[in-house]
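Structure first, commentary second.
Bear in mind these aren't lab numbers, they're just calculated from the coordinates by the rules spelled out. None of these values were measured; they are calculated from a predicted model. We place every Cβ from the backbone using ideal geometry, glycine too, and count neighbours over all the protein chains shown.
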Amino acid sequence: MHELSVALGIVKAALKRVKRGRVVEVQVAIGELTHINAEQLRFAFEIASRGTALEGAELKTRIVEAELRCVRCRTRGKSFTCGRCGSAMEVLSGEELLLERLKVVEDAPR
Ligand SMILES: [Zn+2]
């Protein structure tokens, strides 16, 4: 399952940033071209975060639309071949997978 390795990557990256406290919310930007299923990613994240400072955190996802540009005539579109001149298209956005935001809380004093 592709999503599980992605989720493990998110957990690892988040733990690197969080030195103390507990993460209650994680926001990631997912490019359309990664074909990551947000629902499956949330499920995988729940498993991947167990026993870490991220356990129980809410995973929010923001889908980044794909945008490609023709290398020759600069026409923009969503396919990998230019609809106008048939040349190859380069990816401007849609391949990203970014950890955008973490909401951390200090553990309540007992
Ligand atoms: Zn073109």
K12 meets each of (1) over 12 Å from the mean Cα position of the chain (by Cα); (2) in contact (Cβ under 8 Å) with a residue 12 or more places away in the chain with one exception, condition (2)
Among the residues of segment 10-40, the number that are of a type in the set (G, A, S), assigned to a strand (DSSP E or B) and out of contact with any Gly (no Cβ under 8 Å at 6 or more places or on another chain) is 1
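Here is a yes/no grid of residues against (1) surrounded by 15 or more Cβ atoms within 10 Å (Cβ to Cβ); (2) of a type in the set (F, W, Y); (3) closer than 19 Å to A14 by Cβ:
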{"site": "L59", "(1), (2), (3)": "yes, no, yes"}
{"site": "R62", "(1), (2), (3)": "no, no, yes"}
{"site": "C70", "(1), (2), (3)": "yes, no, no"}
{"site": "G94", "(1), (2), (3)": "yes, no, no"}
{"site": "L97", "(1), (2), (3)": "yes, no, yes"}
{"site": "E106", "(1), (2), (3)": "no, no, yes"}
Looking at (1) in contact with a strand residue (DSSP E or B) (Cβ under 7 Å, 6 or more places away or on another chain); (2) without any contact (Cβ under 8 Å) to a residue 40 or more places away in the chain, can you tell me which one R50 breaks? (1)
List the residue pairs whose Cβ atoms are under 6 Å apart, where the first residue sits in segment 55-69 and is free of Cβ contacts under 8 Å to residues at least 60 places away in the same chain, the second is of a type in the set (K, R), and the two are 6 or more positions apart or on different chains. L59/R42; A66/K78; R69/R76
